[in-house]
Protein chains: 2
Amino acid sequence: MGDLNLMKSLSIEGQTKILLLVLDGLGGLPATPDGATELEAADTPNLDALAARSICGMSTAVAPGLTPGSGPGHLALFGYDPLEYEIGRGVLEALGIGFDLRRQDLAARGNFCTIDPDTGLITDRRAGRIPTEVGARLCEKLRQISLPGMETFVEPVKEYRFVLVLRGEGLEDGLTETDPQQVGKAPLPVEPLRPEAAPTAKLLNGWMAEARKLLADESPANGCNLRGIAKDPGLPGMVEIYKLRCGAIATYPMYRGVAKLAGMDVLETGETIESEVETLAKHWADYDFFFFHVKKTDSRGEDGDFDAKAKVIEHVDEVLPDMLALEPDVIIISGDHSTPAVWKAHSWHELPVLLWSRYIRPDGVSQFGERPCMAGGLGHIHHVDLLPLAVANAGRLAKYGA
Amino acid sequence: MGDLNLMKSLSIEGQTKILLLVLDGLGGLPATPDGATELEAADTPNLDALAARSICGMSTAVAPGLTPGSGPGHLALFGYDPLEYEIGRGVLEALGIGFDLRRQDLAARGNFCTIDPDTGLITDRRAGRIPTEVGARLCEKLRQISLPGMETFVEPVKEYRFVLVLRGEGLEDGLTETDPQQVGKAPLPVEPLRPEAAPTAKLLNGWMAEARKLLADESPANGCNLRGIAKDPGLPGMVEIYKLRCGAIATYPMYRGVAKLAGMDVLETGETIESEVETLAKHWADYDFFFFHVKKTDSRGEDGDFDAKAKVIEHVDEVLPDMLALEPDVIIISGDHSTPAVWKAHSWHELPVLLWSRYIRPDGVSQFGERPCMAGGLGHIHHVDLLPLAVANAGRLAKYGA
């Protein structure tokens with residue numbers, strides 16, 4: 001239900017530990033009508049054994065039919081109603097690269113693109129996925145642009161992606177994107193969605209015009225677009241709401257960003273799942289709640305590679321005993337959204353979810369998979385309710401009412 | 001969840017087609033404690049085969065325990081929260097007969113009735129179900145009534161039913177009905193539920209007094225009642241919300257009316273299910289979304305005729321292959337409410353629902369019936385969420401958030 005004030009009034013301190021294991025894009029679809037999903041096809045003896053001792057179910061990330069982006073999907077897992085708390089992509093990207101974003105800064109995700117010099121129309125929205133080094137050099141160039149009364153920051157992310165941050169007085173969000181979302185069209189002007197945002201739109205359109213000039217002689221990245229132009233929404237922090245010291249382990253910027261926004265400490269970790277497990281073990285004593293993020297399930301789903309997605313799940317299964325050896329008091333395993341390999345993108349489908357603690361009612365589900373979880377004891381629930389359930393199972397929520 | 005602004009912001013155009021097949025009053029009850037429901041007892045090889053390839057579940061039309069009228073039940077199927085969007089019966093009836101209702105018109109459903117001339121009390125609320133021709137003649141008579149500053153329209157529907165429409169300045173809805181809902185009572189005065197509606201109530205009471213005089217010498221229809229006095233609520237149209245060209249196929253005025261209110265084109269069709277299927281095939285290329293309504297399941301349920309209701313379901317099963325041959329991308333089959341033959345009226349019971357697309361997770365349900373659907377992979381959902389799910393399965397909803 002996502003009533004954070006209620007959670008704040010009921011949460012109590014404790015010694016118990018919660019592990020939230022998120023396999024990004026976990027939910028799948030059968031490759032053939034009668035077949036198994038990626039999770040069902042994967043050989044997962046450890047996940048299955050844990051499912052047999054857990055209560056399972058299916059969970060809607062945001063709302064029926066809605067396909068969540070990574071931001072809303074994770075916000076819901078962290079107990080925030082994503083229809084109430086919206087985060088712009090620019091903010092997520094900025095936080096994800098460790099940029100010290102301040103509350104009044106305006107952040108945009110930038111994409112280098114290729115523009116036909118004669119027509120001005122976009123021919124490649126990702127500029128041939130230029131190498132990260134090239135992107136970094138171009139960002140250097142764009143730092144020359146100065147706007148009246150503003151500090152500007154242009155920071156490379158990966159490949160064709162960058163972040164633009166404006167810092168100064170009177171910045172307002174509520175702005176449209178410049179990316180027309182298809183080739184054969186020109187970049188769009190930034191438009192204010194609220195009258196107060198008009199001066200900020202003007203600033204950004206000025207920046208875009210300068211950027212166009214500076215990039216004109218580059219190839220293939222002779223243009224750029226701005227997306228998800230937004231300010232930090234100022235979420236109430238999980239530490240304050242739940243009295244949990246929260247640590248986040250994630251390899252990819254966006255997930256580190258959303259964790260930071262929710263008030264978690266983002267822990268330094270390596271690129272592999274093994275390295276993430278090491279980080280978990282190293283910091284086990286320091287936190288009450290761990291968000292542990294596995295990215296590659298989503299990546300392989302987006303690639304449309306059913307078998308490779310199943311392999312990533314098997315990889316997680318292999319390291320699961322090392323996580324269990326730390327003896328968390330509560331474990332939740334799910335995903336932020338489905339990414340079926342046959343759909344090759346995020347999707348609206350429910351997520352399988354597993355909840356273990358010493359205080360659950362086992363439900364007879366003995367395999368962690370979409371079809372078995374449909375018959376699970378949690379029934380069909382919503383992501384926003386998972387964290388309150390975890391906190392309750394951790395003995396950290398006081399009674400409501402006398 | 002029924003957030004139409006969100007749906008409007010996420011919906012995208014496409015080439016896919018959605019078929020919503022509504023068996024009015026589909027949900028049933030066992031005639032004996034251990035027996036089958038009407039749907040379960042019916043021999044439905046085609047529905048069962050489709051269920052085996054679909055994801056099934058049970059759906060609440062409006063809210064637990066609530067028995068929906070036809071308006072709310074259908075609004076929910078069309079994605080409108082019926083507790084937020086209310087439509088008066090007068091409006092539905094007016095639209096259903098093809099009356100060109102304007103936004104500021106006030107419409108009432110009229111019923112001719114029999115009144116004891118000595119006591120003034122109603123002895124038959126439907127005037128012995130007078131033939132439609134008699135009703136038409138009486139409407140002609142009532143057109144003599146003129147109200148100050150108002151245009152009035154009196155249009156026959158079927159048998160004892162008619163529609164009264166007032167057109168003019170300052171009409172307000174929020175008015176009580178005159179039908180006391182039982183015999184042995186006199187027609188009630190129209191009362192305003194809001195102070196602004198008082199002048200409109202006075203106008204209608206004046207009309208009622210004149211009607212009483214004009215009908216006094218008739219038999220058996222020597223009186224009338226006004227029900228569901230209301231204005232067009234001005235629903236946001238499905239075409240705008242979902243970017244779907246919507247066609248409605250229904251034989252009965254009320255369902256054509258509610259479809260029109262939701263912004264659908266109402267297609268000309270005959271009285272039989274076969275004729276409706278022909279209409280579907282004829283217009284298949286013209287629309288993205290089809291609402292296909294079967295009335296007789298409800299009628300036979302209201303009659304209390306269990307076997308006849310099962311026969312209507314079998315009739316639908318027979319024509320189902322002709323609908324599937326059109327190759328819709330998404331199919332939803334359900335009802336607007338339950339009408340169990342043993343209850344002989346609309347009821348509050350959940351509806352079995354079947355959703356097929358290439359992107360569903362089959363759930364092991366291999367018979368379309370209430371008990372099998374209770375174990376279905378959709379779980380227990382709400383009608384208002386069915387259309388968003390259909391639109392998502394049609395690939396016509398963009399990702400929410402980054």
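The values are calculated or read from the model by the stated rules, or taken from the named source; none is laboratory data. Note that the structure is a prediction, hence the values are computed from the model and not measured. Using ideal geometry, Cβ is built from the backbone for each residue, glycine included, and neighbour counts are taken over all protein chains shown. Ligands, DNA and RNA are excluded from the accessible area calculation, which covers all protein heavy atoms including side chains. Shrake-Rupley method; radii C 1.70, N 1.55, O 1.52, S 1.80 Å.
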- Item | Filter result (open to solvent by 10 Å² or more (accessible area, probe 1.4 Å), away from chain B (no Cβ under 12 Å) and of a type in the set (Phe, Trp, Tyr)) within the stretch A:67-99 | A:Phe99
- Message: Consider the stretch B:189-222. How many of its residues are in a helix (DSSP H, G or I) and either touching a residue at least 40 places away in the same chain (Cβ under 8 Å) or open to solvent by 80 Å² or more (accessible area, probe 1.4 Å) (or both)?
- Response: 15
- Note on the structure: Of (1) in contact with a Ser or Thr (Cβ under 6 Å, 6 or more places away or on another chain); (2) more than 14 Å from chain B (Cβ to nearest Cβ), A:Met254 satisfies every one except (2)
- Checking A:Lys243 against (1) surrounded by fewer than 20 Cβ atoms within 10 Å (Cβ to Cβ); (2) basic (Lys, Arg); (3) in contact with a Gly (Cβ under 6 Å, 6 or more places away or on another chain), which test does it fail? (3)
- Looking at the stretch B:350-373, which of the residues that are touching a residue at least 60 places away in the same chain (Cβ under 8 Å), within 11 Å of chain A (Cβ to nearest Cβ) and more than 19 Å from B:Val22 (Cβ to Cβ) is surrounded by the fewest Cβ atoms within 10 Å (Cβ to Cβ)? B:Pro362
- Residue among A:Phe368, A:Phe292 that alone is modelled with pLDDT of 95 or more, outside any loop (DSSP other than H, G, I, E, B), among the aromatic types (Phe, Trp, Tyr) and out of contact with any Lys or Arg (no Cβ under 8 Å at 6 or more places or on another chain): A:Phe292
- Item | Members of the stretch A:21-41 that are open to solvent by less than 10 Å² (accessible area, probe 1.4 Å) and either assigned to a loop (DSSP other than H, G, I, E, B) or among the hydrophobic types (A, V, I, L, M, F, W, C) (or both) | A:Leu21, A:Val22, A:Leu23, A:Asp24, A:Gly25, A:Leu26, A:Gly28, A:Leu29, A:Thr37, A:Leu39
- Take A:Asp298 and decide whether it is surrounded by 21 or more Cβ atoms within 10 Å (Cβ to Cβ), within 14 Å of another protein chain (Cβ to nearest Cβ) and outside any helix (DSSP H, G or I). no
- Task: With respect to A:Val312, determine if the residue is over 24 Å from A:Ile55 (Cβ atoms), within 11 Å of another protein chain (Cβ to nearest Cβ) and open to solvent by 10 Å² or more (accessible area, probe 1.4 Å).
- Result: no
- Task: Return the residue satisfying two criteria in turn: it lies in the stretch B:169-188 and is within 16 Å of B:Leu147 (Cβ to Cβ) and more than 26 Å from the chain's Cα centre (by Cα), and of such residues it is least open to solvent (accessible area, probe 1.4 Å).
- Result: B:Gly170
- Across the stretch A:249-272, the tally of residues that are in contact with a strand residue (DSSP E or B) (Cβ under 8 Å, 6 or more places away or on another chain), over 16 Å from A:Leu326 (Cα atoms) and either open to solvent by 10 Å² or more (accessible area, probe 1.4 Å) or not in a helix (DSSP H, G or I) (or both) stands at 12
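Yes or no, residue by residue, for (1) open to solvent by less than 40 Å² (accessible area, probe 1.4 Å); (2) over 20 Å from A:Ala94 (Cβ atoms); (3) touching a helix residue (DSSP H, G or I) at 6+ places or on another chain (Cβ under 7 Å); (4) without any contact (Cβ under 8 Å) to a residue 24 or more places away in the chain:
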residue: A:Ala127; (1), (2), (3), (4): yes, yes, no, no
residue: A:Val134; (1), (2), (3), (4): no, yes, no, no
residue: A:Ser146; (1), (2), (3), (4): no, no, no, yes
residue: A:Val154; (1), (2), (3), (4): yes, no, yes, no
- Item | Qualifying residue in the stretch A:136-147 (condition: within 26 Å of the chain's Cα centre (by Cα), at pLDDT 95 or above and under 26 Å from A:Gly257 (Cα atoms)) | yes
- All but one of (1) in contact (Cβ under 8 Å) with a residue 40 or more places away in the chain; (2) more than 10 Å from chain A (Cβ to nearest Cβ); (3) on the phi < 0 side of the Ramachandran plot hold for B:Ala325, so report the exception by its number. (1)
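Could you check, for the stretch B:331-341, whether at least one of its residues is open to solvent by 50 Å² or more (accessible area, probe 1.4 Å), under 20 Å from the mean Cα position of the chain (by Cα) and more than 14 Å from chain A (Cβ to nearest Cβ)?
no
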- Can you pull out the residues in the stretch A:293-342 that are among the hydrophobic types (A, V, I, L, M, F, W, C) and under 25 Å from A:Val384 (Cα atoms)? A:Val294, A:Ile313, A:Val316, A:Leu320, A:Met323, A:Leu324, A:Val330, A:Ile331, A:Ile332, A:Ile333
- What about B:Gly376, is it within 18 Å of B:Gly25 (Cα to Cα) and modelled with pLDDT of 95 or more? no
- Reported set for the stretch B:386-402 where residues are open to solvent by 10 Å² or more (accessible area, probe 1.4 Å), at the interface with chain A (Cβ under 7 Å from one of its Cβ atoms) and more than 16 Å from B:Phe291 (Cβ to Cβ) is B:Leu397, B:Lys399, B:Tyr400, B:Gly401, B:Ala402
- Message: Taking the criterion of being at the interface with chain A (Cβ under 8 Å from one of its Cβ atoms), in a strand (DSSP E or B) and aliphatic (A, V, I, L, M), would at least one residue in the stretch B:377-385 satisfy it?
- Response: yes
- Item | Any pair with Cβ under 6 angstrom, 6 or more apart, that starts in the stretch B:1-19 at a residue that is facing another protein chain (nearest Cβ under 8 Å) and ends at one that is surrounded by fewer than 19 Cβ atoms within 10 Å (Cβ to Cβ) and outside any strand (DSSP E or B) | B:Leu10/B:Ala398
